[in-house]
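Take a look at the structure below.
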Amino acid sequence: MGSGNLFIISAPSGTGKTTILKRVISEMERIGFSVSHTTRTPREGEIEGKDYHFVTLPTFQAMMEQDSFLECAKVHGNMYGTS
């Protein structure tokens, strides 16, 4: 795999991160979106593998033990991680 740049878009829920990312991805070549893992249940309209990878807590914990995440955190009682 070649080297490149990593951009992190971080903000509270509901601030427009997804809207910004969709626009950037539609206008720039060679840029992709990293789908995070979470232990929370999907919200209405969310799609597995597109919005998040929805996993159980034991699966998430096993991934943590295998150093599968670049970063992870507990937020509002649920785990989130970037693989």
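The values are calculated or read from the model by the stated rules, or taken from the named source; none is laboratory data. In this text the structure is predicted, and so the values were computed from the model without any measurement. FYI the Cβ positions are ideal-geometry reconstructions off the backbone, even for glycines, and counts take in every protein chain you see.
List of remarks:
- If the condition is being under 14 Å from residue 82 (Cα atoms), of a type in the set (Val, Ile, Thr) and at pLDDT below 90, then the range 1-47 contributes 8, 9.
- Candidate set from the range 4-40 (those that are among the charged types (D, E, K, R) and over 15 Å from the mean Cα position of the chain (by Cα)); member that is surrounded by the most Cβ atoms within 10 Å (Cβ to Cβ): 23
- Residues of the range 48-63 that turn out to be part of a loop (DSSP other than H, G, I, E, B), over 27 Å from residue 3 (Cβ atoms) and at pLDDT 95 or above, as a count: 2
- Count of residues meeting criterion [small (Gly, Ala, Ser) and farther than 21 Å from residue 75 by Cα] in the range 1-34: 5
- Check on residue 44, surrounded by fewer than 10 Cβ atoms within 10 Å (Cβ to Cβ) and of a type in the set (D, E, K, R): yes
- Just one residue in the set 30, 40, 23 is in a helix (DSSP H, G or I) and either in contact with a Gly (Cβ under 9 Å, 6 or more places away or on another chain) or of a type outside the set (A, V, I, L, M) (or both); that residue is 23.
- Residue match in the range 72-82 (condition: aromatic (Phe, Trp, Tyr) and free of Cβ contacts under 8 Å to residues at least 40 places away in the same chain): no
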